[in-house]
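The values are calculated or read from the model by the stated rules, or taken from the named source; none is laboratory data. Predicted, not measured: the structure shown is a model, and the values here were computed from it. Note: ideal-geometry Cβ built from the backbone for every residue, glycine included; neighbour counts use all protein chains shown. Accessible surface is based on the protein model in full, side chains and every heavy atom, while ligands, DNA and RNA are left aside. Shrake-Rupley method; radii C 1.70, N 1.55, O 1.52, S 1.80 Å.
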Amino acid sequence: MSYKKFIPCIYLYKGNAVKGFTDSTIIDTNPAALAKFYSDNNADELIVYDMSDNDIEHEEALDVIKSICAEAEIPVLGAGNVKRMEDVKKLLYAGCKRAALNYSKPGNIELTAEVSKKFGKEKIVASVTEAESITRNESLIEAYIGEILLVKETCLKESISISRFPMIASVPEVSLDKLLELLSNDNICGISGYAINENAKELLSIKALCQNNAIRVNTFEPAICWEDFKLNSDGHVTVVVQDYKTDEVLMVAYMNEDAYQMTLKTGKMTYYSRSRDELWVKGATSGHYQYVKSLTADCDKDTILAKVSQIGVACHTGSHSCFFHEIMAKEYEETNPLKVFEQVFEVIKDRKIHPKEGSYTNYLFDKGLDKILKKLGEEATEIVIAAKNPNANEVKYEISDFLYHMMVLMAEKNVTWEEITAELAKR
């Protein structure tokens, strides 16, 4: 077991985040924003319980879960309304890293081996409300389950006593002493529930307390101490800041030792302002925080490359990046694959919104989905035929045609390149 996890949860009911299983009081009408809040406050994972009453609500909930997964930037465990393998697949395809089987339902227990073999043991969690579920299905859990989620506190003590299997304990408001006692158990791998939801803003402090009590938690532990850096004449280190998703350079700033330590402690980029002679947390006044994804030193250890999740814009002018004054530029063709895909895709999406007379793209949109699919099928066949040709150029041309028609389909179905690349990255 690596480190103990702190896992808030979202109870999803009719598109809203509600207080709990038995309390439908709405606490947030934007569950995706709530997920982002938990992620930004150093939660390690997130559980989403789909509390839908019927299949229609369940399908709507999957769309919300998809938006939650896109915003969270931490692994999401999807739970609730699993009745068949297809439901597990939908949760994983929505972006969940793992899916929970409710062991209070015999049908879910019967699904265990099938979904575990299909998607992998590490993606399947057993959700239990009584310790007997663990003893009764011990061999099945051992063979096909990655972790156990203890949904009710009433089964916590007995479950710990009868099994050494990794468990996430869902608990109500508890004292810090009780929390430390729970986390000291070797088979408790994480804490979830009301206790974490209500203390989300204090997770860094709670993690620090855990470290002081020899409990390993996920924090920013630097491999390079401040003393190892080569400082400039003012005693600072230059920091180059990049968007972690696009690698776009956002800004350049400076850190002193206090700023460096504060960044590591909070997970928010903190700099030293030379003009004001003080520390400044990026976004403290504007709300445009930069959440740390990674910090890397260059070969001389006099510059830090920070990859961040940028909220809003990086520049005080309102520009996303501080680098927008062009000095000179030679004409060149963009060959970065993702940028090319995005540029072509933007044109296709613009044609959908602003039709252009004589546009082949608009012709496809006007003819509808069946025509787009027909052309996509034809282009796929052309790739197969071209591959039999000794000249590789034919394959290149046909793949390009296929990708264009695929992007028309993506625009028609509102699928983005970011979603595609994120899905590929998970495989």
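Points to keep in mind about this one:
- Pairs of Cα atoms nearer than 8 Å and 6+ residues apart set the relative contact order; for segment 219-283 it is 23 percent.
- Loop-located trypsin sites (Lys or Arg not before Pro) in segment 218-293 (DSSP state not H, G, I, E or B) with no more than 16 neighbouring Cβ atoms inside 10 Å: LYS230, LYS245, ARG274, ARG276.
- Electrostatic bookkeeping for ALA386 treats Lys and Arg as +1 and Asp and Glu as -1; over the other residues with beta carbon under 11 Å from its beta carbon, the sum is -3.
- For segment 320-427, the set of chymotrypsin sites (Phe, Trp or Tyr not before Pro) satisfying both a DSSP loop assignment and a count of at most 16 other C-beta atoms within 10 Å is given as PHE323, PHE324, TYR332.
- Karplus-derived 3J(HN,Hα) values for segment 312-328, using 6.51 cos²θ - 1.76 cosθ + 1.60 with θ = phi - 60°, are x, 10, 8, 9, 5, 7, x, 7, 4, 10, 6, 9, 9, 8, 6, 8, 7 Hz; glycine and proline are entered as x.
- Beta bridges from DSSP with both residues in segment 238-353: antiparallel share about 75 percent, rounded to the nearest 5.
- Averaging the sequence gap over all C-alpha pairs within less than 8 Å and six or more residues apart, then dividing by the number of residues, gives the chain a relative contact order of 9 percent.
- For segment 1-122, the antiparallel share of DSSP beta bridges with both residues in that region comes to about 40%.
- Unsatisfied cross-links (Cα-Cα over 30 Å) in the set LYS14/LYS265; LYS4/LYS117; LYS4/LYS230; LYS117/LYS367; LYS89/LYS396; LYS5/LYS301: LYS14/LYS265; LYS4/LYS230; LYS117/LYS367; LYS89/LYS396; LYS5/LYS301
- Rounded percent of accessible protein surface that carbon and sulfur make up, segment 311-360, 1.4 Å probe: 58 percent
- Isolated Cys residues of the chain, judged by Cβ distance under 4.7 Å to other cysteines: CYS9, CYS69, CYS96, CYS155, CYS189, CYS210, CYS225, CYS299
- Rounded to the nearest 10 Å², the accessible area of CYS299 at probe 1.4 Å: 120 Å²
- In percent, rounded to a whole number, the relative contact order of segment 255-411 is 11, using alpha-carbon pairs under 8 Å and six or more apart.
- Amide hydrogen neighbours beyond the local backbone of CYS9, cut-off 5 Å, H modeled: ILE47, GLY193, ASN197
- Highest-fluctuation residue, LYS374, LYS19, LYS157 considered, GNM on the chain with Cα pairs under 10 Å: LYS374
- Apportionment of accessible area to carbon and sulfur, segment 11-96, percent (1.4 Å): 49 percent
- For segment 197-242 versus segment 99-148, the spacing of their alpha-carbon centroids is 37 Å.
- For the pair segment 252-269 / segment 336-376, the C-alpha centres are spaced 45 Å from each other.
- Only helices enter the 222 nm calculation for the chain: every DSSP H run of n ≥ 4 contributes -39,500 (n - 2.57), and dividing by all residues gives -12500 deg cm²/dmol, rounded to 500.
- A DSSP coil position with no more than 15 other Cβ atoms inside 10 Å describes the following GluC sites (Glu not before Pro) in segment 195-232: GLU198.
- Per residue accessible area in Å² of the chain, where ligands, DNA and RNA are left out and the probe is 1.4 Å: 54 Å²
- Largest to smallest accessible area among GLU257, GLU331, GLU158 [probe 1.4 Å]: GLU331, GLU158, GLU257
- Too-long pairs where the Cα-Cα distance tops 30 Å, listed order kept, from LYS83/LYS374; LYS118/LYS371; LYS97/LYS293: LYS83/LYS374; LYS118/LYS371
- With all protein chains in place and ligands, DNA and RNA left out, the 1.4 Å accessible area ranks ASP277, ASP44 as ASP277, ASP44, largest first.
- Nonpolar atom fraction for segment 99-199, defined as the carbon and sulfur part of the 1.4 Å probe accessible area, stands at 47 percent.
- Measuring with a 1.4 angstrom probe and ignoring ligands and nucleic acids, LEU182 comes out at about 10 Å² accessible.
- Antiparallel DSSP beta bridges within the chain, as percent of all bridges there, nearest 5: 40 percent
- Matching label, Rg and Dmax of the Cα atoms in Å computed from the structure shown, candidates (i) 25.2, 72; (ii) 26.8, 91; (iii) 25.5, 90: (i)
- Springs join every pair of Cα atoms under 10 Å in this Gaussian network model of the chain, and among ALA284, ALA380, ALA392 the largest mean-square fluctuation is at ALA392.
- Residue of LYS330, LYS117, LYS178 that the Gaussian network model of the chain assigns the largest fluctuation, springs spanning Cα pairs under 10 Å: LYS330
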